[in-house]
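Only one structure is covered here, and it is reproduced in the block below.
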Amino acid sequence: QKEVEQDPGPLSVPEGAIVSLNCTYSNSAFQYFMWYRQYSRKGPELLMYTYSSGNKEDGRFTAQVDKSSKYISLFIRDSQPSDSATYLCAMRENQGGKLIFGQGTELSVKP
Amino acid sequence: DAGVTQSPTHLIKTRGQQVTLRCSPKSGHDTVSWYQQALGQGPQFIFQYYEEEERQRGNFPDRFSGHQFPNYSSELNVNALLLGDSALYLCASSLGGYSYEQYFGPGTRLTVT
């Protein structure tokens, strides 16, 4: 079993829809939770991070962490065609530089 | 402000050969991590360099080695290439040894034939 599980999709939604992306994990030592966006043929770009449990909002993006369920989510409101990319969740223990990534979910937002 | 840069962009090698990939971190960053991303998969951690030493290592064989220079730039070396080493190799830089904020470069696409 992988430490981090993420549905690879692909996920296709119409412009303006609310998108929900999710990851589950098995390692209870994870304390930092990140979401990266990766466009085709580019490196991952850090979107948001959350420390421990809770919610964090940044513009159209909201990240949620539920440590009791070992479940994290990223919501995108008013989705735009420019949001079409692969979204990767990543996690890290309190110490150490190693990020553990999910497989990534491919998102397509249709005009 | 220059971001993370990597060279070369693409590389084609034959099984058994050796390859060296290069990375320059974002200005002001002193830590470099290397990841391997196979097609359709998330990046996998290879190792991290801080203060010119390998600080942490993932589950990769000794064929994968690295180096960090005094100017914080880094190299990834892979010996005895296998077909399965074909992947996108990503370099990420950060400030301090254990920062969660890692900024990725565009990657080097390695194809082993």
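The values are calculated or read from the model by the stated rules, or taken from the named source; none is laboratory data. All values derive from a computational prediction rather than experimental measurement. Positions of Cβ are backbone-derived with ideal geometry, glycine not excepted, and every protein chain shown enters the neighbour counts. Areas reflect the complete protein model, heavy atoms only, side chains present, ligands, DNA and RNA absent. Shrake-Rupley method; radii C 1.70, N 1.55, O 1.52, S 1.80 Å.
Quick notes on this structure:
- Scanning the stretch A:65-99 for residues that are facing another protein chain (nearest Cβ under 7 Å) and open to solvent by 20 Å² or more (accessible area, probe 1.4 Å) turns up A:Gln95, A:Lys98.
- Residue check: A:Met34 meets all listed conditions (1) open to solvent by 20 Å² or more (accessible area, probe 1.4 Å); (2) part of a strand (DSSP E or B) but one, namely (1).
- Scope the stretch B:68-99; condition of a type in the set (A, V, I, L, M) and surrounded by fewer than 18 Cβ atoms within 10 Å (Cβ to Cβ); matching residues: B:Ala80, B:Leu82, B:Leu83, B:Leu95
- Subset of the stretch B:1-13 [part of a loop (DSSP other than H, G, I, E, B), at pLDDT 95 or above and open to solvent by 70 Å² or more (accessible area, probe 1.4 Å)]: B:Thr9
- In the stretch A:6-31, the residues that are open to solvent by 50 Å² or more (accessible area, probe 1.4 Å) and more than 19 Å from A:Arg60 (Cβ to Cβ): A:Asp7, A:Pro8, A:Pro10, A:Thr24, A:Ser26, A:Ser28
- Residues that are among the aromatic types (Phe, Trp, Tyr), surrounded by fewer than 21 Cβ atoms within 10 Å (Cβ to Cβ) and modelled with pLDDT of 95 or more within the stretch B:21-62 comprise just one, B:Phe60.
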